[in-house]
Amino acid sequence: MDATILNLLRDPAGVPFYPVVFQGLYVLTWALHIAFVLLALGSMGLSIYGSTQQKSDSNWKLLTPHLIQTGKLSISILIVLGVAPLLFTQVIYDPNWYTTNALSGIWIFIFIYALIVGYLMYYWYYYANKAGRASNTLIGTISFAILVFCGVLMHNFAVESIQPDKWLAWYAPNGVVDTSGLNFHYDLIRLAFMVSLVIPVLGIFLQNYSDFLSTRKDFTSKYIEFTKKLGTKTAVGGLLVSAVLFILWMLQENMLLSVISLATIAGVVVLLLMAKMNKNSYITTVVLVVVALLISGVREIIRYNLMADHGYNIYTYTMNIDWPSTIMFLLTFLFLGVTGVAFILRMAWKVGKNEGTVFDGQNDKLTRVLGTATLWILVAWMGIYFAWGMFTLFKNTLV
Ligand code: HEM
């Protein structure tokens, strides 16, 4: 394929900062996105099974609503965290993403509406389960299927965008232009690997859940043991399945002996041992985060190499350094991002550890300091953001 057209599709204004930084941010934010995708689908999937058991089993009666709640929150987080890699990919791989949107335009629309319907149905599932309705399992299953379908569509967009050599054939099969926007392509092994990750992520989450609740007196040791065992079984089984699928995927990509692939396999082995021993699930989670970053890195290396082989190298993207927006972005990320996330995490931790009474953030010094700091940083951020925007706007129109 001639890369001239790909390079012509690039933004003529260039990128506002070093492409490698956008690439790094893409890897980081996609890992975060997929972590919550996996947690959402895993907890929701298990909750559907739990909804069939909860009438006769007290453990499932307690666990099922907690899983539903976990999935409900994770979906909102995965949506927010999906925006970030979407923006970064559009900065450095804009020809790819926009071509995919043209080839599969209808699927893009369907994705948005499916996500809305799937998530709304999730709330229906949540309330039906709370009210003890018999229909809850069916509603949950339909919502689950719709959300999994969203993932399959996402996979379609991702794999389509990295096959520029096939774009023309897809756009005009046998020379006849197809503007239906219904192109749908998949890579079964890659998809199976992505989906399989749901199981170990859910398992390690359950280990965290059991460790977290073990300090609370209002949960019986029988229940803690039940969730711990369930978590260990799920994590170990899931890691084995994912490891096999990862090896198959790497064989298919001819990357099995690459450093990053070997590092990922080593990471999975360490995870497997840690999950099996289950001494401290929080440390296991730290290793899981490293493995998630490696997997995200593998995806990016596949794309980078494929595109570079076609003559499209992101590192040669025209650069037009825009210091004001770069500084604004980094300061926002650092100050508002770190403080805000620390505040939310602190709140969530304290609320979860609190027994009986309602947790009041005002009475906890660190929560109070973080909350106040977040508020003031946000106020300052809004002031600077709009003042800066107005200044730029009027500077450009009046001068
Ligand atoms: C229930 C909803 C969703 C599910 C299950 C889901 C699942 C996935 C999966 C499995 C992939 C990896 C595909 C692959 O590499 O083969 C992916 C990639 C991605 N997702 Fe999502 N996703 C969802 C919603 C979203 C939303 C709402 C956004 C944006 C706002 C988003 C943004 C992205 C981006 C940017 C990628 C990377 C695409 C690329 O590298 O070409 N996702 N998602």
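Filtered by the rule that a residue be of a type outside the set (Phe, Trp, Tyr) and in a loop (DSSP other than H, G, I, E, B), segment 164-203 gives 172, 176, 177, 178, 179, 180, 181, 182, 183, 185, 187, 197. Taking the criterion of being of a type in the set (Ser, Thr, Tyr) and either open to solvent by 70 Å² or more (accessible area, probe 1.4 Å) or more than 22 Å from residue 324 (Cβ to Cβ) (or both), the residues of segment 348-399 that qualify are 357, 367, 372, 374, 385, 397.
Residue-wise test of (1) under 24 Å from residue 42 (Cβ atoms); (2) touching a Phe, Trp or Tyr at 6+ places or on another chain (Cβ under 8 Å).
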position	(1), (2)
130	yes, no
140	yes, yes
145	yes, no
157	yes, yes
164	no, yes
182	no, yes
189	yes, yes
211	yes, yes
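In segment 264-286, the residues that are at positive phi and open to solvent by less than 50 Å² (accessible area, probe 1.4 Å) reach residues that are at pLDDT 95 or above and assigned to a helix (DSSP H, G or I) with C-beta atoms within less than 9 angstrom, at least six apart or across chains, in these pairs: 278/207; 278/210; 278/211; 278/228; 278/231; 278/232; 278/235; 278/284.
Within segment 339-346, can one find any residue that is in a helix (DSSP H, G or I), closer than 28 Å to residue 220 by Cα, modelled with pLDDT of 95 or more and in contact with a helix residue (DSSP H, G or I) (Cβ under 6 Å, 6 or more places away or on another chain)? Looking for residues that are in a helix (DSSP H, G or I), closer than 28 Å to residue 220 by Cα, modelled with pLDDT of 95 or more and in contact with a helix residue (DSSP H, G or I) (Cβ under 6 Å, 6 or more places away or on another chain), one finds at least one in segment 339-346, hence yes. Restricting segment 42-70 to residues that are in contact with a Gly (Cβ under 7 Å, 6 or more places away or on another chain) and touching a residue at least 12 places away in the same chain (Cβ under 8 Å), the residue that is farthest from the ligand (Cβ to nearest atom) is 63. When segment 205-240 is filtered for residues that are assigned to a helix (DSSP H, G or I) and either at pLDDT below 95 or open to solvent by 70 Å² or more (accessible area, probe 1.4 Å) (or both), the ones remaining, listed by number, are 221, 222, 225, 229, 233, 240.
Selection within segment 135-192: residues that are more than 10 Å from the ligand (Cβ to nearest atom) and among the β-branched types (Val, Ile, Thr). The member of this set that is nearest to the chain's Cα centre (by Cα) is 189.
The values are calculated or read from the model by the stated rules, or taken from the named source; none is laboratory data. Predicted model, so just to flag it, every value in this text is computed and none were measured. A quick note on method: Cβ atoms are made from the backbone with ideal geometry, for glycine too, and the neighbour counts reach across all protein chains shown. Ligands, DNA and RNA are stripped out before the accessible areas are found, and what is left, the full protein with its side chains, is counted by its heavy atoms. Shrake-Rupley method; radii C 1.70, N 1.55, O 1.52, S 1.80 Å.
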